[in-house]
Structures are given as structure tokens and as C-alpha cells.
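Inspection log for the structure reproduced underneath, given as C-alpha cells.
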Amino acid sequence: MSRRRIRAHYEQLSEFERGRIIGLKEGGWANRRITRHMGRSDAAIRRCWQEWVDSGRFQRHDGSGWPRATADQEDRLIVRSAVTVLDSSLSTLRCTTRTRVSTMNIHIRLIQRNLCSYRPLRHLPFTPAHC
């Protein structure tokens, strides 16, 4: 396997550069002229223009990955429930908000808002009488 870096991995166009490429192409400039003017590869110019022609957008795509399991409204409901009922656990938050997500997702949403859930006692702590 070659140790050379693939140019597409490190050649990322900023939103400003993408808009500039679209403007120059609409102004009648050729790909080679834009390439020399901006110092970018011909393939990057071509991909940017092709995306503009195909989808009408030149901004980067939103983050890749799985779609969020909860909407913003559900996130606010989870946070509001955690703040109003201070001694609630993740499973009780899940039941009270009636969301179809795992307790781990609820935990992540609370961490994103700098909150944590109350963890109920699993057993009574020892007292000096037990020793």
C-alpha cells in the first residue's frame, strides 16, 4: 500500500472558497484558470461545481453518522424533567417523558447540558453497629 497521502483527505475547501469557485464558474472562468488562481486541484474544483449543479448547494454536508434518536423538543423535556424532579433516575426519566430511547441516550443528553441524574441507593450503607 502506498504511503502517499490521498489529496482529498487533506484538501478541504472552506465555505468561502466554495462560494468563490461557484462565482468564478458562473463568471465564465475555465476549471484550469480557477485551479491556477486558487491553488487547488482540478478535481476539487470539479467536485465543488458538480455538487452545485446537482443539488444547488455549495456548503458542506451536515455531520455524518446516525440521525439523532430524539428531537430538540424531546431533549428539552428530558432536561426539564431532570431539573424539576431532582431524585429521578435515568429509567424513571425515561418512563415519565415517554421517550423511546435508551437510558444511555438520556444520560448523554443530560451530560450535554452539564447535568447528571440521581442514582438511587442499591443497598443501605453500613453503620457503626454493623461492625
query: How many residues are assigned to a loop (DSSP other than H, G, I, E, B) and either more than 22 Å from Gly56 (Cα to Cα) or modelled with pLDDT of 90 or more (or both) if we restrict to the stretch 11-27?
result: 1
field: When residues of the stretch 32-47 are limited to those that are surrounded by 15 or more Cβ atoms within 10 Å (Cβ to Cβ) and touching an Asp or Glu at 6+ places or on another chain (Cβ under 8 Å), the one farthest from Glu15 (Cα to Cα)
entry: Thr35
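Let me confirm something: among Ala8, Ala30, Ala69, which residue is modelled with pLDDT of 80 or more and of a type outside the set (Val, Ile, Thr)?
Numbers: Ala8 fails: modelled with pLDDT of 80 or more; Ala69 fails: modelled with pLDDT of 80 or more.
Exactly one of Ala8, Ala30, Ala69 is modelled with pLDDT of 80 or more and of a type outside the set (Val, Ile, Thr), namely Ala30.
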message: Condition (residue is modelled with pLDDT of 85 or more, among the basic types (Lys, Arg), under 26 Å from the mean Cα position of the chain (by Cα) and surrounded by 12 or more Cβ atoms within 10 Å (Cβ to Cβ)) applied to the stretch 72-85: is it met by at least one residue?
response: yes
message: Out of the residues in the stretch 38-66 meeting the condition of being modelled with pLDDT of 85 or more, part of a helix (DSSP H, G or I) and among the small types (Gly, Ala, Ser), tell me which one is nearest to Ile21 (Cα to Cα).
response: Ala44
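The values are calculated or read from the model by the stated rules, or taken from the named source; none is laboratory data. No experiment lies behind these values; they were computed from the predicted model shown. Here the Cβ is made from the backbone with ideal geometry for all residues, glycine too, and neighbour counts use every protein chain on show.
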